[in-house]
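The values are calculated or read from the model by the stated rules, or taken from the named source; none is laboratory data. This one's a predicted model, so the numbers in the text were calculated from it and none came from an experiment. Please note: Cβ atoms are built from the backbone with ideal geometry, for glycine as well, and neighbour counts cover all protein chains shown. These accessible areas exclude ligands, DNA and RNA; they are computed on the full protein's heavy atoms, side chains included. Shrake-Rupley method; radii C 1.70, N 1.55, O 1.52, S 1.80 Å.
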Amino acid sequence: MASGTALVYDEEMTSHKLLWDDPICNIEVPERLSSCFEQLLHYNLVERCITLPVREGTEDEIMLVHSLDYLEVVKRTQVMMEEELKKTSADYDSVYFHPTTYRCAKLAVGAALELVDAVMSGKTRNGMALVRPPGHHSQRNAANGFCIFNNVAIAAKYAQRKYGLQRVLIVDWDVHHGQGIQYQFDEDPSVLYFSWHRFEHQQFWPSLSESNYDAVGQGKGRGFNINVPWNKVGMGNSDYIAVFLHVLLPLAFEFDPELVLVSAGYDSGIGDPEGHMSATPECFSHLTNFLMRLAKGKLCLVLEGGYHLRSLSESVCMTIKTLLGDPLPCLSGAMAPCLSAVESIHNVRAAHKPYWKCLKYEDSSPLQDLSTRSNQMGDTETTSTGTQLLSPQVAGKANSEEVVRTDRFLELHMKNIMLPRPPVKTVVAVDENDSHMLPASVQTEKGMDTKELKSTISGFDAELVKEEKIFKSLMNMLAVLDKIIKKEVTNGLAVSSIASLSCAIALKHCNNLKVPKVLCVFAGDRDMKIDLDDGKVLLINISTKQPEETNTKYNISLNWKEDVETNNFFSAVLGFILPVAYSYQPDLTVVVAGPNQSLGKNGISLLVSLLQGLAQSQILVLIQETEVTLLQDIAKTLVGDFTPYFGTHAPVLRQNIQMLKELRQQLQQEWKMLQCSAKVSIAER
Ligand code: X5A
Ligand code: ZN
């Protein structure tokens with residue numbers, strides 16, 4: 001797997017600017033770019049990236065998406081005086097031209113293409129292009145919404161031409177609908193386009209009926225256009241994560257892209273004067289972390305909107321930190337999507353049911369908006385998290401007060417979430433004979449011999465523990481755990497002769513060290529009772545055997561058999577395990593690959609890599625000796641060098657999907673991130 005993160009940037013793209021008064025366009029300012037770059041310098045992130053020079057996109061490249069006539073129009077603006085520039089601008093909706101606009105727009109295209117080349121050639125694993133003007137609104141024959149050339153649409157076409165790609169995923173997390181991208185690929189099944197956007201029942205710009213959830217693509221492209229309309233402002237961290245888990249990611253895994261492009265607009269972040277949403281900067285770390293698991297890590301982000309300078313630049317920094325493999329800060333705020341978000345999720349899933357195997361057993365027809373009806377009756381319920389963090393009033397207020405308030409909030413907030421990065425990422429305790437399988441960057445635990453650790457162990461089954469070899473490996477495992485808890489390392493791995501025993505001892509040690517909440521995901525047969533201690537531990541057991549006990553809030557069994565034929569464990573991870581985990585918000589995660597686990601390297605690796613979103617990425621993985629063939633890939637996953645592959649999709653097993661649905665219904669009042677159907681949640685609210 002390639003390594004490194006590309007950063008494509010050139011100050012020259014700040015020369016494009018508005019020369020006259022225009023209350024609509026005056027937010028698209030040069031400082032958007034310079035403040036991002038300055039903040040990246042401030043956090044020492046630029047030096048950790050592979051910086052790449054920009055180039056101009058060629059006319060042929062631009063004409064992959066735009067007409068020659070339109071290209072000529074833009075070209076002519078180079079030599080225009082102000083009056084003429086104004087006149088040309090007025091031919092389009094929400095656009096301004098400057099004498100350098102043509103040059104900058106060509107650089108923006110070229111920057112995106114250079115990034116694609118870096119990632120597709122293996123020069124870097126992933127990367128981001130910081131560009132202006134943005135692109136996703138522009139169309140074959142038209143500039144639109146501050147956008148001149150459609151950087152990301154051109155990048156997708158270019159990647160398909162040059163590298164023969166069959167499947168490209170475009171994720172548009174800008175708060176506006178990238179209708180330009182939708183039009184370009186509406187009939188094209190080789191590009192899956194996802195966009196969420198402020199919609200408010202078509203009241204919000206660009207106010208198009210084709211921005212709604214029922215625009216699923218046309219002709220051969222049916223099912224390959226995913227629109228998630230936001231019908232209320234104030235959407236925040238939990239709403240965004242819920243849409244990723246219940247809509248985008250299951251379809252994206254099923255689509256199996258060879259490259260992921262992101263129309264990375266940050267006007268969906270807190271404090272933005274256009275979006276009025278409330279997602280905090282670390283939310284973009286989590287979104288990025290999810291997307292890094294697709295397409296063998298080939299991920300290219302291209303800047304679109306984002307008009308609150310501080311919110312924009314902090315969010316860009318969090319995105320790039322995540323691309324670099326840094327631990328993720330925990331998401332702030334209560335983890336429960338608001339009713340309006342659940343309705344949107346429900347409606348999109350219903351609209352896409354005919355086109356995707358993983359939605360085949362949805363019992364859903366689209367719903368009329370109940371939250372809107374109650375809203376019209378004067379109910380103001382939105383439970384979005386970031387808004388509550390800030391103040392209940394912020395959403396919906398477009399003034400400088402909001403800007404200042406968000407500035408102050410972020411000043412403090414970033415101090416809280418910017419964790420120091422431990423010097424060593426991964427430490428392992430394995431048998432010396434196995435150590436040749438480990439990636440070079442992991443540290444090997446040589447063992448600690450403290451009274452504390454000994455006393456933790458001595459409380460357990462004396463006979464077993466007395467055995468010299470077992471005792472020693474338990475001590476090593478505890479030493480690894482200790483380093484994770486004390487934040488000397490981010491994650492760790494230990495091989496164990498009796499995984500159940502190791503797991504129980506590890507949880508005991510967490511309790512001794514007063515770790516408040518531990519999530520334990522145990523794959524395989526567990527032959528030892530684990531003390532769950534009133535919510536201090538949440539246990540999810542994934543086993544091929546029928547569970548003996550009935551599920552409770554903190555003790556959940558998933559009866560799952562993964563084999564080469566079914567190969568769709570990702571639906572269990574996305575549709576159940578992660579929603580529960582995000583709702584619980586643990587302080588530490590323990591993943592066990594126990595005896596007879598059926599998940600294999602891809603399943604365990606997917607679990608481990610996505611669980612990095614929890615508990616500040618602090619994860620201990622325990623591998624049963626008999627499963628030691630997993631060692632190499634799991635160690636690689638922990639250092640960030642392996643992505644799971646779910647290539648061919650045999651038909652989804654109805655019983656699996658049915659079981660996940662039942663589990664969600666059973667537990668969604670306890671773990672609210674499980675909610676993805678409005679029928680159920682409305683009935684229960
Ligand atoms: C790229 C972008 C927004 C245009 C808003 C016009 N454009 N009212 O965020
Ligand atoms: Zn936007």
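Within segment 226-261, the only residue that satisfies the criterion of being touching a helix residue (DSSP H, G or I) at 6+ places or on another chain (Cβ under 7 Å), among the β-branched types (Val, Ile, Thr) and within 16 Å of ligand 2 (Cβ to nearest atom) is Val228. Among the residues of segment 345-368, is there at least one that is farther than 22 Å from Leu192 by Cα, touching an Asp or Glu at 6+ places or on another chain (Cβ under 9 Å) and small (Gly, Ala, Ser)? For segment 345-368, residues farther than 22 Å from Leu192 by Cα, touching an Asp or Glu at 6+ places or on another chain (Cβ under 9 Å) and small (Gly, Ala, Ser): absent.
Can you run down the residue pairs with Cβ atoms below 9 Å, 6 or more apart or on separate chains, where the first is in segment 247-272 and within 16 Å of Cys283 (Cβ to Cβ) and the partner is part of a strand (DSSP E or B) and near ligand 2 (Cβ under 10 Å from one of its atoms)? Partner pairs satisfying both residue conditions: Val262/Asp172; Ala264/Asp172; Gly265/Asp172; Asp267/Arg198; Ser268/His197; Ser268/Arg198. The criterion of at least 3 residues that are modelled with pLDDT of 75 or more is met, among helices (runs of 4 or more DSSP H) falling completely within segment 355-432, by 400-417. Screening the candidates Asp256, Asp186 for the property of being more than 16 Å from ligand 1 (Cβ to nearest atom), open to solvent by 10 Å² or more (accessible area, probe 1.4 Å) and within 20 Å of the chain's Cα centre (by Cα) yields one hit, Asp256.
Could you look through segment 122-146, keep only residues that are in a loop (DSSP other than H, G, I, E, B), farther than 17 Å from Val302 by Cα and open to solvent by 10 Å² or more (accessible area, probe 1.4 Å), and pick out the one that is farthest from ligand 1 (Cβ to nearest atom)? Step by step, filter segment 122-146, then rank; the result is Gly122. Of the residues making up segment 247-258, none is part of a strand (DSSP E or B) and within 28 Å of Ser677 (Cβ to Cβ).
One line per residue, one yes/no per condition, for (1) under 16 Å from Lys232 (Cβ atoms); (2) within 16 Å of ligand 1 (Cβ to nearest atom):
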residue	(1), (2)
Gly305	no, yes
Ser311	no, yes
Leu324	no, no
Pro329	no, no
Pro337	yes, no
Ile345	yes, no
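In segment 285-310, the residues that are assigned by TED's automatic domain parsing to the domain that holds Cys36 and closer than 29 Å to Asp641 by Cα form Cβ pairs under 6 Å with partners that are more than 16 Å from ligand 2 (Cβ to nearest atom) and open to solvent by 10 Å² or more (accessible area, probe 1.4 Å), at six or more places apart or across chains, as follows: Arg293/Thr643; Ala295/Glu258; Lys296/Thr643; Gly297/Arg125; Gly297/Thr643; Leu299/Met292.
With of a type outside the set (Phe, Trp, Tyr), open to solvent by 80 Å² or more (accessible area, probe 1.4 Å), touching a residue at least 40 places away in the same chain (Cβ under 8 Å) and not assigned by TED's automatic domain parsing to the domain that holds His286 as the only criterion, which of Lys466, Lys487 stands out? From the options Lys466, Lys487, the qualifying one is Lys487. Scanning segment 196-225 for residues that are within 16 Å of ligand 2 (Cβ to nearest atom) and either at pLDDT below 95 or in a strand (DSSP E or B) (or both) yields Trp196, His197, Arg198.
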